[in-house]
1. Be a star and scan the range 191-213 for residues whose amide nitrogen sits under 18 Å from the point 7 Å along the Cα-to-Cβ vector of Glu36.
2. If packing is taken as the average count of other Cβ atoms within 10 Å, what order do 190-203, 93-106 fall into, highest mean first?
3. Under the definition of Cα pairs under 8 Å and six or more residues apart, what whole-number percent is the relative contact order of the chain?
4. In the chain, what percent of the accessible surface is made up of carbon and sulfur (1.4 Å probe, ligands and nucleic acids excluded)?
5. Just order 248-254, 108-114 by mean Cβ neighbour count inside 10 Å, highest at the front, would you?
6. Please report the net charge: other residues with Cβ closer than 14 Å to the Cβ of Leu183, K and R +1, D and E -1.
7. Would you mind getting me the FRET efficiency between Lys251 and Lys294? Use the beta-carbon distance for r and R0 = 22 Å, nearest 0.05.
8. Quick check: residue separation of Ile220 and Leu132 times 0.36 nm, minus the Cα distance between them. What number comes out in nm?
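The values are calculated or read from the model by the stated rules, or taken from the named source; none is laboratory data. In this text the structure is predicted, and so the values were computed from the model without any measurement. Cβ: placed from backbone, ideal geometry, glycine included. Neighbour counts: every protein chain shown. Ligands, DNA and RNA are stripped out before the accessible areas are found, and what is left, the full protein with its side chains, is counted by its heavy atoms. Shrake-Rupley method; radii C 1.70, N 1.55, O 1.52, S 1.80 Å.
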Amino acid sequence: MGELKCANDLLDDREALAAAWERDGYWFFRDVLDKEVIGRIRQTYTDYLLEMGVARMEGPSPRYNGADVSGLHLHTALTRLNDAKVHKILHEAPTINAFFAKLFGCDPFWIPFTMHRTNPPVSDRSTSRFDLIHEDGVYNDGLPFLICWVPVDDIDEDTGGVALLEGVHKGPCLHRREGTNILPIDEQDVPSGQWRRTDYKPGDVLMMGLHTPHSGLSNISADRFRMSLDTRIMPSTGKVPLVGTLTEVTKTGLKVEDANGVHELAFDSTSFVRGHQGDRMPLHEIPDRYKPGKEVIIAFEDRRVVNMRPQN
Ligand SMILES: [Fe+2]
């Protein structure tokens, strides 16, 4: 795989930044985020792994101790870290916000849609290293965010991390569909010479667009955890979504409360409400799965829901 282009030299040149984004579909910045803040996040991951009984310490990083990890959900949602709102360590850090304010030329708007990952080594090394090739856009129509992928510890080639396809973001969409289901992108359908990655370190950040295909890479290290998070961000001057709590839901519409008050929105036949698998939920099923009290993110247009998904 080729090496990601580093965009640090473009940070003071808005035109060059825009041109790189248009050409490549991503920005990679090396050693720009406050490492003390990233260290605090790493500590929450480490505490979690030690508490789960799957790690031992060796130097500053946890190492996999060989324990059975089936059923622990280490690979995906890590619900406990979401419930503890660990993303706030990043989203509320003044130094982190200062970096993104410089990048955007305005305050950042964070979207509370964060995945924490502490993947242990895989046991089966005979399969493809791509976890799931996808673009985020097909699941999040109308939410104009940038993906913000942050290594929380050193992540080398064996440990995996994320890889993306450079310059393959202008379409056509490589996902196939079966009815309302969106299928992952097939490894055979992508230009394999465009894969890019790097050896990631705390302080780095990789940002990519909604239509940039990417995949996690399996961890084939001896005993390291691949620790990273991905979250969502956009310039606050953009068309930001509603981020709030549902107070009422029917199959025709909803009320959602945020810091500015209560907003009433309607569903229509084009509203994309995300189901459990990232698929589109039929309107009549919404009140069962999205109840008052649920924290949501909603893209809207003229009082109509364009896209709704849970916060996490
Ligand atoms: Fe993704």
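1. Residues 202-204 qualify, since their backbone N sits under 18 Å from the label point.
2. The packing order, highest mean first, is 190-203, 93-106.
3. 23
4. Carbon plus sulfur share of accessible area: 49 percent.
5. On the way: 248-254: 16.3, 108-114: 21.4.
Going by the mean number of other Cβ atoms within 10 Å, highest first, we get 108-114, 248-254.
6. The answer is -3.
7. Values: r = 15 Å, r/R0 = 0.70.
That gives a FRET efficiency of 0.90.
8. 30.1 nm
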